[in-house]
Amino acid sequence: MSVSYRVIMNISIIIPTYNKLPRLKLCLHSIEQIDYPKSEFEVIIVNDGSTDGTDEFLKNYRTTLNFRYLHITNSGRSHARNVGVACAEGDLLLFIDDDVIVDRKILFYHANVHKANNIVAHGTIFSLPRMKFFENPSTGEYYKEFALNNSKLSMLQESTI
């Protein structure tokens, strides 16, 4: 059942990315599920010189989102965010990392907090520490240094972190 909310403001979601294509795909999938009018937010991805196929994927990415893709020479996350800010058109800027899976109501939450308080807000982030071992969390593929080292894998499987 979908709950209807009043749109409060236009929002620009800015995502810098560098060599995290499998995680970026999950991030984009979660953004596609956001329960906020698609016409009221934009997604700006700034590729900070990735060499893992991100450029090709984003050039060919088809979506119903209001989506813009920028490619820059590797300059660091802060510079990539600033490039995104320079072309953003929203009333509110929301920065997320390329490995974040967002809640469906994230834009309503941020818009409501900002509108009520006119402040910078930071939402709750739930940490999934074991995810750092996966190159591609959607397939369960480990980073090579873990897949080739059985002692590290057994440590991961026994870990209670």
Please list 3J(HN,Hα) in residue order for region 12-21, calculated via the Karplus relation 6.51 cos²θ - 1.76 cosθ + 1.60 where θ = phi - 60°; whole Hz, with x for glycine and proline. 10, 9, 10, 10, x, 9, 8, 6, 10, 3
On average, how much accessible surface per residue is there in region 67-110, in Å², for a 1.4 Å probe, leaving out ligands, DNA and RNA? 58 Å²
Once amide H atoms are placed 1.01 Å from N in the peptide plane, what residues at a sequence separation of 5 or more from Gly90, or on another chain, have their amide H within under 5 Å of its amide H? Ser12
How big is the convex hull of the Cα atoms of region 24-115, per residue, in Å³? 97 Å³
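The values are calculated or read from the model by the stated rules, or taken from the named source; none is laboratory data. This is a predicted model, so every value here is computed, not measured. Note: accessible area is taken over every heavy atom of the protein model, side chains too, but ligands, DNA and RNA are not part of it. Shrake-Rupley method; radii C 1.70, N 1.55, O 1.52, S 1.80 Å.
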